[in-house]
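To keep things clear, I will list the structure first and then write my remarks on it.
Computed from the coordinates by the stated procedures, all read-outs in this text should not be read as laboratory data. Since the model is a prediction, treat every value here as computed from it, not as a measurement. So basically every Cβ, Gly included, is an ideal-geometry build from the backbone, and we count neighbours across all protein chains shown.
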Amino acid sequence: MSVDWSAVYRETYQDLVRFLHRKVWDADRAQDLAQEAFVRALDHDPESPRSFLFTVASNLARDEARAAIRRRRHLTLIKAEVEDRSTPDPVEVLEQERRAAAVRRALDQLSERDREVLLLWDAGLNYEEIAEQTGLALKAIGTTLSRARRRLVEAHEALEGRDVARG
């Protein structure tokens, strides 16, 4: 059976970009990596195209992180930001950046498995696809997700200096 990649693209692209963005924390790079994942997938005829794409994308993001670490060791990077023509409220921008940074720090506190399961779920994968991507047993996905969510909340609250309220 041949894969209808145009249909897979329409149904999966946004979820794939969102997943990659939470791995590389750069929207443009996430889009580039999503496109690269589709290009690499075109030569294959997988049983589960969506899961296959997330596997390729995950590997691309991992390679991207390794390359970034190598570049940081050898280069000083200068990043120029292009300002949008409309000037947003600076207080709102700062608050959004603070929240995003807090979530990143909390995600960094999680184990690789917990982070991966949360990001795959957030990207729209179902339990079967998450199990296939991570190698976990299908029956373990719900429990793993629940525990990962709890750990994320606890990490976020701890980083924010709040006591973890247990109900």
Once the Cβ-Cβ distance between Ala158 and Ser2 is put in as r, and R0 is 41 Å, what FRET efficiency do you end up with, to the nearest 0.05? 0.25
Sites Glu112 and Asp89 - FRET efficiency at Förster radius 30 Å, r taken between beta-carbons, to 0.05: 0.25
Scalar couplings 3J(HN,Hα) for the stretch 11-17 by Karplus 6.51 cos²θ - 1.76 cosθ + 1.60 (θ = phi - 60°), nearest whole Hz, x for Gly and Pro, are 7, 10, 3, 5, 5, 5, 5
Distance in nm between label sites at Val39 and Arg66, each 7 Å beyond Cα in the beta-carbon direction? 1.9 nm
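Going highest first, how would you order 130-143, 19-32 by mean Cβ packing within 10 Å? If you can, show how the numbers build up before the last one.
On the way: 130-143: 15.5, 19-32: 17.9.
Answer by packing, highest mean first, reads 19-32, 130-143.
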